[in-house]
Structures are given as structure tokens and as C-alpha cells.
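Some notes on the structure that comes next.
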Amino acid sequence: MLGTSGDDPIPSSITLRPISDANSILPRSGDINVTCSITVGDATGSAEMAVTLEGPPMCVEPEGRCINIVPRGAQAQANGIPTQTFPDVTFRVEARGFSGSNDLNYEFGFVQDNNETQVARAAASTPSAELGTQRGNGTYIVYVQAVDSRNGGRSILAAALILLAPAEDVSAAADAGAEELDFQVLQNTGWSAAVHYGLQMANAFKNAKTNDGSSRRLLSSHDDPTQLKTTEGLKATLDTLNSQRASDALSALVSVFETTPSDTDQAKLLAQIVQNAMRILDSAEAGGIGTATVRKALDRLGVATNLLTEQCTGGCFDSSDDHWEIVMMVEKTLKSAREVMRRAAPSGVTATAVSTSFAQAVSRNTIQATSAASVALDVENGNDKRARARFANDASASEFLSYCAAADANCNQERLTLYLSYVTNPDTYTTAIAGFPGSIIDSHFDGASTQPAAISGVLEIQLDFKDDGDLICQTDDECHMELDIPISTDSMPMLDGKSAACVRITQPSEGTNQFATEVVSASVEISSTTQTLPCRVSSLGRYMIMSYTSAVPSPLPPGEEEPSLSPSPPPANPPPPDQAVGDPTFTAPSPSPFQAPVPDQAPVPDEAPVPDTECTGNPNKAITISVTLNLDQEDFSATNIRDLTERLHTNIGRFLEIVDGLRCPVKLAHSGSPGGSARRLMASTWDVEVDLGESTPAATVRRSRKALADTIKEEGFQEQFIGDFEAAGGTVAVNEAIVTSDPNSFPGCSTDDPDRQVIASLLLNSDQGNLKQLLERSQVSALELEAAAQLESQLRTKISNSEVVLGDCPVKVTLNAYPYLQDIYSVLTVNTDGDATGSEVQSAYDAMVAAEFEAITLDGIDFQVRVEFDNLPSAFTGRASAVAVAGCSMVLTVIAMVIASRIIL
């Protein structure tokens with residue numbers, strides 16, 4: 001690429017990436033000639049170079065069966081899947097039938113639920129490995145990948161299944177297995193891998209015991225065998241890092257990927273292992289470390305440091321300042337991790353490693369590309385939040401280019417690297433800031449604000465040729481970068497009426513162990529709908545967003561009055577029974593100001609007339625909630641109860657986005673006092689019943705139940721639906737609230753009876769996007785509910801007798817995308833009404849099979865729909881149950897064959 005006329009030529013750059021397109025003009029291997037021609041004015045120059053292509057390794061076994069699993073202990077075959085029984089958690093995996101241009105190494109591991117790979121044994125020349133299941137009972141997807149030892153080329157994964165069946169007494173089996181581990185003996189072997197393998201087994205026993213619902217509660221680390229061995233294994237693994245070998249560091253990281261600390265001792269050991277291992281990989285300039293490995297390491301660091309931040313108040317570390325030790329551990333590990341990522345990062349592409357607690361982005365570019373780049377990374381792991389950094393405007397970009405063109409500028413090099421790091425939990429840093437948060441408010445806002453709080457994580461921006469805290473350019477006059485810092489999801493509902501400030505966390509003064517702060521910008525108006533906040537900066541470093549509220553509200557202009565917050569009554573003339581219920585908001589904003597109670601002396605409005613055919617009290621159209629309040633029933637007057645009922649009617653309707661409000665009245669009834677005593681208790685339990693009406697589709701009822709349950713759990717019932725409320729006996733507070741109507745259970749429907757369900761394979765394809773990628777970035781349950789609602793709507797129009805066969809019953813969709821095993825394979829479940837006869841269901845089934853389904857839209861992407869229905873269950877056809885069982889067995893066998901045939905894509 002050349003500069004404009006009069007400019008010096010800009011060095012050109014070519015980046016080669018793996019090519020998987022079958023129609024590519026490049027051969028898989030062999031010699032090619034590359035010709036490059038450049039024309040400047042009337043002059044043309046060219047150069048030619050011969051390039052030898054070495055393709056990645058390939059599986060040459062029939063049907064791609066290049067992996068073999070050999071179970072240990074008690075073995076069986078379940079539908080063709082190798083099976084062994086806990087506590088036999090280890091098994092052997094063999095690679096076979098791979099071919100490559102050079103000697104091959106072999107990497108083994110597991111495919112996770114999100115289709116990411118988790119390395120269990122790093123690439124080595126031995127074509128077999130001993131692996132262990134570390135998550136307890138269940139089915140595991142095991143993979144092997146051949147790696148070219150010379151050029152690093154990788155084969156397509158070969159994958160297979162293994163099933164770990166439960167023991168009769170998981171707890172006793174886990175204890176017995178843990179007690180057999182002797183880490184002193186393993187250390188005496190002098191073989192680090194043996195110690196790491198022992199820790200993986202300790203993880204397996206502890207996790208199986210933790211995940212087994214019938215097991216007794218885990219005892220403390222000093223009493224429980226699985227806890228004791230986990231601690232011993234962590235200590236022994238930390239000791240293996242004294243070798244300073246990169247191979248030991250990578251093996252140690254892999255061994256802790258399934259470790260969950262139960263106390264501060266385990267958390268400290270886990271964090272130290274991750275920190276030391278990443279430091280060794282960095283100092284050894286280890287190559288080929290994938291972002292998945294870095295992501296998992298950061299995930300474990302987050303689990304450990306979050307526990308330490310919460311529980312350590314002194315004594316966790318040798319120094320007296322626990323929180324400083326924690327944040328230094330985080331900073332050093334993130335710095336090592338980004339250097340490890342930089343070595344493997346391609347030019348011109350942002351490499352990211354995102355975990356729940358920490359996220360890293362590395363962007364390598366030319367100077368010109370850096371000035372124009374917008375570097376972004378996902379944060380909060382799935383909550384659709386993105387942090388971003390870019391030059392603020394053309395003037396800033398030009399200033400950066402001018403600065404880098406200077407002879408003495410350190411950035412006058414072929415490639416620059418920009419780093420972004422995001423720490424989700426701001427407490428990691430704020431606990432190490434002197435006097436936080438009061439010191440910030442007093443110093444920068446003159447004490448004229450209240451309720452200061454950090455409402456974002458901490459976003460750090462660095463350049464590889466500068467030091468922390470340096471100006472981005474030589475001066476800060478015309479050289480700024482703009483950071484988009486996402487607001488934490490948990491903070492958003494509380495931001496109405498508040499202001500925000502962008503705060504920089506600066507390095508401590510010499511000899512102190514506490515960060516300082518400075519306000520970069522302030523007085524930005526925010527609300528509960530604010531997703532991100534821009535922060536314009538001129539220096540490298542760490543930044544976060546803080547919210548605060550003015551202590552003295554601004555006076556209203558003359559002639560204006562404070563708006564009334566009294567509730568409006570339900571509509572006097574309700575619309576016909578076809579109320580429109582919107583999609584419930586899954587991350588719900590706070591309702592606008594909660595309705596204030598009507599004074600006791602105010603007249604109570606009459607209930608609006610509602611047609612009996614719409615508001616029937618049908619339990620399949622209702623959401624029921626059990627609420628425990630701090631006051632006794634006798635503390636509520638009749639008017640208090642009516643006011644509270646009206647408030648719930650208004651705010652629940654608003655939350656569900658129902659046009660014109662809830663059609664049917666909300667019912668509030670006292671159901672008793674906790675403990676069942678006859679004496680007067682300062683607590684009472686109430687049943688709330690929300691009738692959505694007969695015209696509300698079953699899928700909408702289902703998603704509304706789930707939306708309310710999720711919001712009550714995450715945001716709180718009082719904050720979302722009651723607010724401040726004064727009863728005759730005092731201020732009302734919610735002790736507990738639980739949605740008691742199961743979103744997956746509808747009385748009279750086949751939701752709990754698989755023999756009366758119509759099942760179909762659901763294939764979704766789109767030229768606008770990929771279902772796998774959509775499932776990775778979006779909330780899967782929300783997508784499933786949305787798909788079910790759209791398909792149910794189509795089914796009810798395509799089936800002439802849908803009212804009889806489907807009745808009040810919801811359609812269910814399960815979305816799956818496992819590319820290593822089979823094509824995208826999702827499931828459509830049609831629940832039937834219990835009163836529908838076999839002939840009625842048969843008629844509806846024929847209509848479903850013959851129907852052509854329209855496209856559905858998920859997260860803005862249109863998907864073409866193909867539905868393949870299974871045979872109608874024997875409950876409707878009258879066939880003998882033995883036939884149904886045989887058919888089921890045949891279907892399982894076919895599925896197993898399909899899985900086996902699609903292991904390698």
C-alpha cells in the first residue's frame with residue numbers, strides 16, 4: 001500500500017491465514033510462484049518468489065475415525081458409546097491414521113458445551129494420552145488434533161464420546177478415590193506430569209461430590225478427603241513450577257482448568273499457579289498458546305481472586321495488605337497473558353480471550369492501521385457488552401501519525417500492538433484505592449454529591465512501545481483516544497436520575513501500596529437504559545465509570561410542579577379480549593417511578609369490567625408468585641391491600657410490556673405466616689396471581705413466567721414491582737419472593753408426559769449468519785423461547801383443530817450446535833392437550849407434516865426453517881408399546897451412526 005502523492009511509501013503487508021474453502025485456488029501443498037507488481041506514475045516494478053506450501057495434517061482413516069477411546073474399570077456400551085462407572089474417572093485415548101508432511105505431535109482434550117476446546121494434554125509426539133473426566137457424571141466429547149511439528153499446521157478435530165456413569169453412592173466413592181491419592185509419592189517420582197495428573201483426579205472426585213445432589217454437603221478443607229487432596233494437589237502443582245520449564249507451566253495450567261476453590265487457601269494457591277505459569281510462558285517466549293488456553297487460565301484466576309477479594313481482610317498473604325497483593329497478582333498475570341497472546345496474534349486481526357472475570361484483546365497493526373483501528377472485545381461474558389478503543393477523531397489520528405513519524409519516536413517500527421484488558425469486578429481495584437469512594441467525591445466533586453459507586457469494570461489500554469501512564473502522543477492537546485466503557489448489567493436498574501464520571505486509576509506514590517485517582521470527565525447524565533459511556537483520554541492506563549447523585553436537586557422552573565406519582569386506575573372500557581403481550585425484557589430496566597400508594601381516605605376505584613371469557617383464572621394462563629413480607633397480616637388495612645394490588649397490576653404489566661396494561665386483575669391473598677405458629681409474627685406470606693388472559697399464547701405465558709423468575713432472582717421483587725410502600729403497621733420490606741408457576745409445566749398438557757409429545761428435528765439455516773455464533777453471543781434460553789413463540793404461532797394457523805389438540809399447551813424448542821459431532825441439530829417439541837383423542841392428534845400431525853414453515857427471526861437474523869417430524873407416539877396410534885421401544889432403540893442406533901460418521905467435518 002502506498003501513501004498519497006508526495007508521501008513516503010508505506011511498507012506493504014501480506015498476512016496468510018489458514019484456508020478451509022474447498023474452492024480455493026491455492027493447493028493444499030506443493031510449490032507456487034507469487035508475483036507482486038507495483039506501479040508508481042509511469043514506472044512499474046515487479047518481483048517473483050517461489051513459495052512451498054505445506055498443508056496441515058489430515059485424517060486418512062475411513063470415515064474419519066482417527067480417535068479411539070479405551071475405557072478403564074467397569075466398562076459397557078450404551079448406544080455404541082464407551083461407558084465406565086465412577087470413580088473410574090481415567091481412560092486412554094489413542095490417535096491413529098493421521099498423515100502430514102513432517103513429524104506429527106498430538107493434542108488431546110475435551111469439547112465444551114459452547115463448542116470451545118479445552119486442552120487436557122498439550123501437543124506431544126506420543127500418539128496416546130491418559131485423560132480424566134473432571135466434572136462428574138455425564139457424557140464427554142473427547143478430541144484429538146494432529147499438529148505439524150515443523151510449521152504448526154493443525155488437522156481438523158477428530159472427536160468421540162465417552163459416558164461416565166454414576167456410582168451407587170457417589171459421595172463414598174469420591175472419598176475412597178481421593179484417599180488413594182498420595183501427592184508425596186507423585187512428587188518423589190520427579191515427574192511433574194504425574195503431579196498434575198493427580199490434581200486432575202482430585203478435581204474429578206471433588207466435583208463429582210459437589211455436583212451430585214444426593215451427596216452430603218462438603219465438609220471444610222480440614223475434614224473432607226476430597227477437599228484435603230485438592231489442597232495438597234494445588235500445593236504440589238505450585239512446587240512443580242520451580243523448574244521454570246514452559247512445558248511444566250502449560251501442563252500445570254491445564255491441570256487447574258476444572259479447579260474451583262472452596263476457601264482462601266485453595267484460592268490463593270490457584271491464583272499463584274495461574275500467575276506463575278503465565279509468567280514462565282511469557283519469559284520463555286512460548287509459542288502456539290491459543291486464546292482458549294489463555295481464556296480458561298483467566299477464568300480460573302477470576303474465580304480465585306474474586307473469592308480472595310470478598311473474604312480476605314488481612315492474613316491471607318504475608319504482607320499486611322491483602323487487597324494490594326490481590327490486585328498485583330491480577331496485574332502481573334494480565335501483563336504476561338497479553339504478551340503470550342501477542343506472539344500468536346496475526347497482524348490486522350484483534351485476538352481476544354474473554355472470561356467472566358477478565359477479558360483481553362491484542363491488536364497488531366501497522367502505524368497507519370493502528371491510527372484507524374477500532375479495537376473491541378466482549379465483556380461480562382455473554383451479556384452483550386462490548387468495550388472499545390479508537391482514536392477520538394481524524395485530528396487525533398493525524399497527530400499520532402505525526403508523532404510516530406519523528407525520528408526519536410519509539411513507535412517508528414513495523415508493527416505496533418495495542419492492548420485492552422477488562423476487569424469485570426471493580427472491587428479488585430477499588431479495595432486498593434485509599435479512602436474509596438469518599439476520597440474521589442471529596443477531592444473532585446467538592447462534597448456536593450452522594451451515593452458514589454463504581455458502575456463498570458476497569459478498562460485498561462496500553463501500547464507496547466510506551467509505559468503505563470504515558471501520554472498517547474507527545475502532548476495531550478490534539479491526541480485523544482475514545483474508550484467505550486460498558487455499564488455493569490447489575491448497576492443499570494439503579495441509574496435513573498444520576499450522573500456519571502470517567503475516573504482514571506493512577507499508579508501509587510513511591511513507597512505506598514494504594515492507587516490514586518483522577519476524574520477525567522464528569523456530570524454526564526445517565527439512566528437505567530445507558531449501556532456504555534464514552535471516555536476521552538490522553539494517557540494510557542486504567543479507567544472506570546462512577547455514578548453519583550446531586551445532594552441538592554435542581555429547583556423546578558417557576559410555574560412548574562412536581563409530577564404526580566399516584567397510580568392511574570385500570571381502563572374503564574377495556575379493549576376486546578385480544579390483548580397484545582410483548583416479549584418480556586430478559587434484562588429488565590427498572591419500571592419508571594413506582595406508583596405511590598393512595599391515602600387511606602381516598603376512594604377506591606371500582607374494578608373495570610372484564611369479560612368472563614377472557615379472565616377465567618385458568619392456571620395455564622397465570623403466573624403465581626409467593627411473597628414473604630416483613631409485616632404481619634394485621635399490619636395491612638383493606639386499603640393498603642388494594643393499593644398494593646393496584647401497584648403490582650401496574651408494574652407487572654409495564655414489565656411485561658403489555659399494551660394498555662394487564663387485562664385481568666391481579667389477585668393478592670394472604671396465605672399464612674412463616675413457621676405456622678398461631679401467635680402474631682412479624683412476617684406474612686402472600687400469594688400473587690397474575691392472570692394473562694385466555695387470548696395470551698401459551699409460549700408467551702411460558703416466557704413471561706421465566707422472565708419474571710429471572711428478574712426477581714437478579715434484580716429483586718421489591719425493587720422491580722413494589723418500591724417504597726407504607727402500610728398501617730410500618731414500612732413494607734420483601735423478605736423473599738419466588739415464582740411458583742413452573743415455566744415448563746402446564747396442567748392438562750403433555751409437558752411431563754413424553755408419550756404424548758410430538759417431536760421433530762429442527763434445522764435452521766441462514767445466509768445472514770451462523771446459528772453456532774448466535775448461540776455463543778446471545779442468551780440461549782431467550783432465543784429458544786423466541787423460536788418457540790414464532791413456531792407455535794405458525795402451528796396454530798396451520799392446524800385446523802389446534803384449539804383441541806394444542807389447547808393451552810406451549811411449544812418448546814431446544815437449540816443445539818455441535819459442529820464436531822453432527823450438523824446443527826435442534827429439537828421441536830409439540831405438547832398436546834390431555835383431552836385430545838388419538839384421531840384428533842393424528843389429524844393435527846398430518847397437517848404438521850404437510851405444512852411448509854415460514855422463516856423465523858432470531859436476534860435480527862432470518863432463519864429458513866425445515867422440520868422433520870418423528871413418527872407419532874404409540875399413545876395416539878394404538879400400536880403396542882414394544883414396537884415403540886424397538887423404534888426408540890433403532891432411532892438411538894441411527895443417531896449414534898450419524899454421530900460417528902460426522903466426527904470429522
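Couple of notes before you dig in:
- Filtered residues of segment 785-810 (kept if open to solvent by less than 40 Å² (accessible area, probe 1.4 Å) and part of a helix (DSSP H, G or I)): 785, 787, 788, 789, 791, 792, 794, 795, 802, 805
- When residue 231 is tested against (1) open to solvent by 40 Å² or more (accessible area, probe 1.4 Å); (2) of a type in the set (Ser, Thr, Tyr); (3) farther than 24 Å from residue 109 by Cβ, just one condition goes unmet, and that condition is (1).
- For segment 466-581, the strands (runs of 3 or more DSSP E) that sit wholly inside it and include 1 or more residues that are surrounded by fewer than 16 Cβ atoms within 10 Å (Cβ to Cβ) and either hydrophobic (A, V, I, L, M, F, W, C) or at pLDDT below 85 (or both) are 516-526, 541-550.
- Taken together, 405, 434, 392 contain a single residue that is open to solvent by 10 Å² or more (accessible area, probe 1.4 Å) and in contact with a His (Cβ under 9 Å, 6 or more places away or on another chain), which is 392.
- Conditions (1) modelled with pLDDT of 90 or more; (2) part of a helix (DSSP H, G or I); number of the one not met by residue 368: (1)
- So residue 239, is it open to solvent by 10 Å² or more (accessible area, probe 1.4 Å), touching an Asp or Glu at 6+ places or on another chain (Cβ under 8 Å) and part of a helix (DSSP H, G or I): no
- Each residue in segment 656-697 was checked for being at pLDDT 85 or above and within 18 Å of residue 739 (Cβ to Cβ), and 13 of them qualify.
- Taking the conditions (1) at pLDDT 75 or above; (2) surrounded by 14 or more Cβ atoms within 10 Å (Cβ to Cβ); (3) outside any loop (DSSP other than H, G, I, E, B) in turn, residue 746 satisfies each one other than (3).
- For segment 628-664, filtering for residues that are without any contact (Cβ under 8 Å) to a residue 40 or more places away in the chain and among the β-branched types (Val, Ile, Thr) leaves 2.
This table checks each residue for (1) within 30 Å of residue 489 (Cβ to Cβ); (2) among the basic types (Lys, Arg); (3) assigned to a loop (DSSP other than H, G, I, E, B); (4) open to solvent by less than 10 Å² (accessible area, probe 1.4 Å).
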{"site": "688", "(1), (2), (3), (4)": "yes, no, no, yes"}
{"site": "693", "(1), (2), (3), (4)": "no, no, yes, yes"}
{"site": "696", "(1), (2), (3), (4)": "yes, no, yes, yes"}
{"site": "700", "(1), (2), (3), (4)": "yes, no, no, no"}
{"site": "706", "(1), (2), (3), (4)": "yes, yes, no, no"}
{"site": "711", "(1), (2), (3), (4)": "yes, no, no, yes"}
{"site": "714", "(1), (2), (3), (4)": "yes, no, no, no"}
{"site": "718", "(1), (2), (3), (4)": "yes, no, no, no"}
{"site": "721", "(1), (2), (3), (4)": "yes, no, no, yes"}
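- Given (1) over 27 Å from residue 704 (Cβ atoms); (2) modelled with pLDDT of 75 or more, number of the condition residue 600 does not satisfy: (2)
- Top-ranked residue of segment 274-322 - restricted to ones that are in contact (Cβ under 8 Å) with a residue 60 or more places away in the chain, of a type in the set (D, E, K, R) and within 19 Å of residue 255 (Cβ to Cβ), ranked as least open to solvent (accessible area, probe 1.4 Å): 296
- Any pair with Cβ under 6 angstrom, 6 or more apart, that starts in segment 479-503 at a residue that is under 28 Å from residue 393 (Cβ atoms) and ends at one that is part of a helix (DSSP H, G or I) and open to solvent by 10 Å² or more (accessible area, probe 1.4 Å): 479/399
- When the helices (runs of 4 or more DSSP H) confined to segment 831-905 are screened for residues that are among the aromatic types (Phe, Trp, Tyr) and at pLDDT 85 or above, those reaching at least 1 such residues are found at 838-850.
- For segment 389-426, the set of residues classified as under 27 Å from the mean Cα position of the chain (by Cα) and of a type in the set (A, V, I, L, M, F, W, C) consists of 389, 418, 420, 423, listed by residue number.
- Residue check, residue 210 surrounded by 16 or more Cβ atoms within 10 Å (Cβ to Cβ), under 26 Å from residue 328 (Cα atoms), at pLDDT below 95 and of a type in the set (Ser, Thr, Tyr): no
- Among the residues of segment 415-458, those identified as at pLDDT below 85 and hydrophobic (A, V, I, L, M, F, W, C) are 434, 436, 440, 441, 445, 448.
- Top-ranked residue in segment 135-176 [being closer than 18 Å to residue 250 by Cα and polar (S, T, N, Q); ranked as most open to solvent (accessible area, probe 1.4 Å)]: 149
- The residues of segment 728-739 that are part of a strand (DSSP E or B) and surrounded by fewer than 20 Cβ atoms within 10 Å (Cβ to Cβ), listed by number, are 730, 731, 734, 735, 736, 738.
- Selected residue (criterion: most open to solvent (accessible area, probe 1.4 Å)) from residues of segment 100-124 that are over 27 Å from residue 355 (Cα atoms) and modelled with pLDDT of 90 or more: 103
- Test: residue in segment 358-373 that is under 12 Å from the mean Cα position of the chain (by Cα) and of a type in the set (S, T, N, Q): no
- Among (1) closer than 22 Å to residue 109 by Cβ; (2) out of contact with any Gly (no Cβ under 6 Å at 6 or more places or on another chain) - the single one residue 176 does not satisfy: (1)
- Residues satisfying the criterion are absent from segment 325-334 (criterion: surrounded by fewer than 21 Cβ atoms within 10 Å (Cβ to Cβ), in a loop (DSSP other than H, G, I, E, B) and either of a type in the set (A, V, I, L, M) or in contact (Cβ under 8 Å) with a residue 40 or more places away in the chain (or both)).
The values are calculated or read from the model by the stated rules, or taken from the named source; none is laboratory data. All values reported here derive from a predicted model rather than from experimental measurement. FYI the Cβ positions are ideal-geometry reconstructions off the backbone, even for glycines, and counts take in every protein chain you see. Surface accessibility is based on the protein's heavy atoms, side chains included, excluding ligands, DNA and RNA. Shrake-Rupley method; radii C 1.70, N 1.55, O 1.52, S 1.80 Å.
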